[in-house]
Each structure stands twice: as structure tokens, then as C-alpha cells.
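Here is the structure we will look at, set down as C-alpha cells.
The values are calculated or read from the model by the stated rules, or taken from the named source; none is laboratory data. The model shown is predicted, which means the values in this text are computed figures rather than measured ones. With ideal geometry, Cβ positions are generated from the backbone for all residues, glycine too; neighbour counts draw on all protein chains shown. Side chains are part of the model used for accessible areas, which takes the heavy atoms of the whole protein and leaves out ligands, DNA and RNA. Shrake-Rupley method; radii C 1.70, N 1.55, O 1.52, S 1.80 Å.
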Amino acid sequence: QVQVVESGGGVVQAGGSLRLSCAASGRTLRMYVMGWFRQAPGKEREFVAATSWNGDHTYYADSVKGRSTISRDNAKNTGNLQMNSLKPEDKAVYYCAASSVNPLRATWGSAAGYDYWGQGTQVTVSS
């Protein structure tokens, strides 16, 4: 069993920055990918960014590319999502997820490929 916990959400003005953190625990030796997804009210969950477990490969959604950076600290078994130049449309509940079943980069953007999920952390971007 693997547990995933997000933190770092909050309220920030448009144009500001926020750093989300993800802590994974339990039996993580067979995990391939750590990913971030978000879900706004009335909308479906959407992909934000993902990284291989050792941090050597990353993948970003077009909506955040150039504004966000995903990273992994393998020694601490944690991950971070740094978000800059935040926009009102970035407001959502952000989820960290881990996958043991989608080693191929082409599948990293699909929520169905992740089998462990955190509880979510709220990000609010004000005008």
C-alpha cells in the first residue's frame, strides 16, 4: 500500500507563485511516475505535470508549460510542483498521484494510469 499526501495550497493573487509539495510513503519501490492533476468546480480532472520517479524525465500540460516546474527528491521520497505567473483559471483542487502501472511517457497525462492519489489541496487565485 502507498500513501500520498499533498500540501502547500492557499490563496495567491494573479501573477503570484505557489509551491505544492507531495509526500509518498509505504511501499513505493515499484512506483514509476509521480503526477499532478487538478479539478475545478464543475470541470473534469485534468493533467498538470508528471515526473519519472527518479526525476530524470518530466512532462507538462500545455496550460502550465513554461510557468510550472515539477521536481522529485528521491532521498526524501517527496515531490514539488512550483507554479509561477498564476492565473485565475489555475484555481482548483490539486492532487498528487503515483503510478505503478504506466511507465510509458505517452500515458502519463491520463488519470486512469495512476493508482494512488492524495486527498487534494486547494489553490485559489484571486484577481
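What number of residues within the stretch 96-117 satisfy the criterion of being open to solvent by less than 30 Å² (accessible area, probe 1.4 Å) and part of a strand (DSSP E or B)? Before the answer, list the steps.
Just the residues of the stretch 96-117 that are open to solvent by less than 30 Å² (accessible area, probe 1.4 Å), to begin with: 96-99, 102, 108, 113-114.
Subset that is part of a strand (DSSP E or B): 96-99.
Of the residues in that region, 4 qualify.
Could you tell me whether residue 61 is within 24 Å of residue 126 (Cβ to Cβ) and of a type in the set (Gly, Ala, Ser)? Yes: the conditions hold for residue 61. Considering the conditions (1) part of a loop (DSSP other than H, G, I, E, B); (2) open to solvent by 70 Å² or more (accessible area, probe 1.4 Å); (3) modelled with pLDDT of 95 or more, residue 122 is excluded by exactly one of them, (1).
Does residue 90 meet the test of being over 22 Å from residue 25 (Cα atoms), more than 12 Å from the chain's Cα centre (by Cα) and open to solvent by less than 60 Å² (accessible area, probe 1.4 Å)? Let's see the steps before the verdict.
Numbers: over 22 Å from residue 25 (Cα atoms): yes; more than 12 Å from the chain's Cα centre (by Cα): yes; open to solvent by less than 60 Å² (accessible area, probe 1.4 Å): yes.
So residue 90 passes the test.
The residue list 98, 111 contains one member that is farther than 18 Å from residue 10 by Cβ, in contact (Cβ under 8 Å) with a residue 40 or more places away in the chain and under 10 Å from the mean Cα position of the chain (by Cα), which is 98.
Of all residues in the stretch 47-83, those satisfying the criterion of being of a type in the set (A, V, I, L, M) and in contact with a Lys or Arg (Cβ under 8 Å, 6 or more places away or on another chain) are 48, 81, 83.
Consider the stretch 1-55 and keep the residues that are of a type in the set (A, V, I, L, M) and more than 17 Å from the chain's Cα centre (by Cα). The one that is most open to solvent (accessible area, probe 1.4 Å) is 29.
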